[in-house]
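I have a structure I would like to understand better, so I am pasting it below and will then ask my questions one at a time.
What follows draws every value from the coordinates through simple rules; no lab data is involved. Because the structure is a prediction, the values reported are computed rather than measured. Reconstructed Cβ throughout: ideal geometry from the backbone, glycine too, with neighbour counts over all protein chains shown.
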Amino acid sequence: MQAGRSTPSRRTGEVATVPRSRPSDRLRSAEEGGLSEAHRVEAVDVQSANQPARAKRLRSLSTALTIADLKARARRRVPKMFFDYADSGAWTEGTYRANEADFAAIKLRQRVLVDMTGRSLQSEMIGERVAMPVAIAPTGMTGMQHADGEMLGARAAEAFGVPFTLSTMSICSIEDVASVTKRPFWFQLYVMRDRDFVRNLIGRAKAAGCSALVLTLDLQILGQRHKDLRNGLSAPPKWTPKHAWQVATRPLWAMEMLGTKRRSFGNIVGHAKNVSDLSSLSSWTAEQFDPKLSWDDVAWIKREWGGKLILKGILDSEDARAAADTGADAIIVSNHGGRQLDGARSSISMLPRIVDAVGDRIEVHLDGGIRSGQDVLKALALGAKGTYIGRPFLYGLGAGGQDGVTRALEIIRTELDVTMALCGRRDVRDIDRSILDEG
Ligand code: GLV
């Protein structure tokens, strides 16, 4: 295995500045790893160069000023079942709402007459330099928000200088994403019962030059999202009159989707044995995911992977201490965007006590509820070293493909920068609790 893992970039931690291996090297390595012809992909230009159409899209996107604006556009462009998949939480959606509401309740201190010149948002996450401490979260079925969605998202993140995390449950495969990017991305792992498949998946992430493995701990069984059941969610969509209508009323989405061959779970199809029902997420996870996942398995995965490891889904101090004991590089304080245990506390409300418990032993990141650069700043103030955006990324993607993702990142960057300045700070790495008005 090769690529970003043993390059100078890894040793210096400056992954963002050093190109990974060339696609041809990666493809060779994939070949050595025994991958089939079907999974070697060309480095296609996934968002075609129709210049007048692109100029129009950029003009239109520039009028989106908030993530909520992008969300409204995504709702108009993406078939209901897929838009709802992104915009849903488990059961009552109480935790999903709390993630956002608890950010809104945090107040900032306004400071004046402080030199605001020469501000910097650059920072590091797990030793990788980032243009701002905001990574793209792993999100399932991203290639159903927009054709080739994961490839477009990864390219936008790469150009912007922030990490992109590819989900196991992605539509584009690890190899697809590697074929259109030059720098290492991160790969999120779900652990299946079939350990040969897991081993193979880890091998594919290594072959693709991924620079971190993000192991999700909070989804061994799927939380129930009522909208998905009511919508009859599947990838690709079923052809009932209801689903056909949802697609027919989103003609641009449908046209773009007809232009790609990537319409099912690219990391799974052709790789996993005995996956009988990929179309329903709940039956698929019930059948394939390992409900016995334990801390011993985390140790096994850490050994198998051998690189930077991030543990995602920690919402409890006791679990945080166990996670730190594994020797992983970071944890993500997360309740899976309110999609798993409804009734759990918001991520941001749990952050301070988790930082108190393990902040001196392991890097602490946060996801869940971030809808603006202000939220990013608040998370940093409460001790997070890095943050992740899931829904803002998906809304940008749904609203305008790669350019939409770039727009989402720009919105967050501007909000983060201006808020930091008005709080009297110039360097994002110096943000601490003293910027908060704690009453
Ligand atoms: C997958 O990660 C999901 O939350 O649906």
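Could you give the length gained on full extension between Ala53 and Ala421, defined as 0.36 nm per residue of separation minus the Cα-Cα distance, in nm?
Full-extension gain reported as 128.9 nm.
Pairs to check: Lys107/Lys227; Lys227/Lys273; Lys227/Lys302. Give those whose C-alpha atoms are more than 31 Å from each other in this structure.
Lys107/Lys227; Lys227/Lys302
Which FRET efficiency value, to the nearest 0.05, is calculated for Glu410 and Lys292 with the Förster distance at 45 angstrom and r the Cβ-Cβ distance?
E between Glu410 and Lys292, to the nearest 0.05, is 0.55.
What is the distance, in nm, between label points placed 7 Å from the Cα along the Cα-to-Cβ direction at Ala248 and at Lys261?
Output for this residue pair reads 2.9 nm.
To continue, here is another question. Give me the dipole magnitude in Debye, nearest 20, for the chain about the Cα centre, with unit charges on the beta carbon: positive for Lys and Arg, negative for Asp and Glu.
In total the dipole reaches around 1140 debye.
Once amide H atoms are placed 1.01 Å from N in the peptide plane, what residues at a sequence separation of 5 or more from Val130, or on another chain, have their amide H within under 5 Å of its amide H?
Long-range HN contacts for Val130: Ser123, Glu124, Met125.
Show me the ranking of peptides 254-266, 375-387, 326-338 by mean Cβ neighbours inside 10 Å, starting with the highest.
Going from most to least packed, we get 375-387, 326-338, 254-266.
Using a simple spin-label model with points 7 Å from Cα along the Cα→Cβ vector, what separation in nm is obtained for Lys227 and Lys273?
3.8 nm
Something else now. Taking the Cα-to-Cβ direction at Asp316 and at Arg193 and moving 7 Å from each Cα, how far apart do the two end points lie in nm?
With each label placed 7 Å out from Cα toward Cβ, I get 2.5 nm.
So, one more: To make sure I understand the rule: partners must be lysines, Cα under 20 Å from the Cα of Lys182, and not fewer than 8 residues away in the same chain. Which ones qualify?
Lys206, Lys308
Using a Förster distance of 56 angstrom, determine the FRET efficiency expected from the C-beta separation of Arg76 and Arg303, and round it to 0.05.
Computed FRET efficiency for Arg76 and Arg303 comes out at 0.75.
Next question, about the same structure. For a quick size check, give me the Cα extents of region 353-437 along its three principal axes, largest first, whole Å.
Each principal axis gives a Cα extent; for region 353-437 these are 40, 27, 18 Å.
Let me ask something else about it. Connecting C-alpha atoms closer than 10 Å in a GNM of the chain, tell me which of Val177, Val298, Val114 has the biggest fluctuation.
Most flexible of the set in this elastic network: Val114.
Separate question: Would you work out the relative contact order for the chain, in percent, from Cα pairs under 8 angstrom that are 6 or more residues apart?
Normalised by residue count, the contact order of the chain is 27 percent.
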